[in-house]
1. Is one or more of the residues making up the stretch 35-44 part of a loop (DSSP other than H, G, I, E, B) and of a type outside the set (Ser, Thr, Tyr)?
2. Among the listed residues ILE87, ILE102, ILE62, ILE78, identify the single one that is of a type in the set (Val, Ile, Thr) and surrounded by fewer than 10 Cβ atoms within 10 Å (Cβ to Cβ).
3. Just name the residue that is nearest to the chain's Cα centre (by Cα) out of those in the stretch 43-56 that are surrounded by 10 or more Cβ atoms within 10 Å (Cβ to Cβ) and not aliphatic (A, V, I, L, M).
4. Out of LYS96, LYS125, which single residue is basic (Lys, Arg), farther than 30 Å from GLU39 by Cβ, outside the structural domain of GLU39 (by TED's automatic domain parsing) and modelled with pLDDT of 95 or more?
Amino acid sequence: MVMEPQNGDIAVSLSASVASAMACLLPLASVSQQPYLSELLSFTLDRLHKEPELLRVDTERIQRQMLEVAVGNYRAFISAADALVAIKEEVSSINKHLESMITVIPNLKSGCTEFVESAEHILEKRQMNLC
């Protein structure tokens, strides 16, 4: 007995074929876009026609929220900017001090060497006087 495919079987087979074909195309999308593309593939044609308007509404809502956050936190943004300026000035000051230390260190090293040599010489004289 040969079974004839039912309309539902054809639809399942067709949607599986489409999903398989689209799976080959999905690697072209970034990893973050793949869930949305998969979701789009599951939508009906009517829902796909509504998608641009829904995206526009979501975009407007998100823009309003971003504006509210920016307005609500403007003092924090200004304080953060001021802190960054202060940090930049401190780092610049530290850098200048380090550069001046780098130029002075050779003189300090030679001075220390002279001191050690002088101290050794004095120690030798002292030991000679004690003997």
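1. Yes: one or more hits.
2. Just one listed residue meets the conditions, ILE102.
3. ARG56
4. LYS96
The values are calculated or read from the model by the stated rules, or taken from the named source; none is laboratory data. All figures in this text were calculated on a predicted structure; none of them were measured in a lab. A quick note on method: Cβ atoms are made from the backbone with ideal geometry, for glycine too, and the neighbour counts reach across all protein chains shown.
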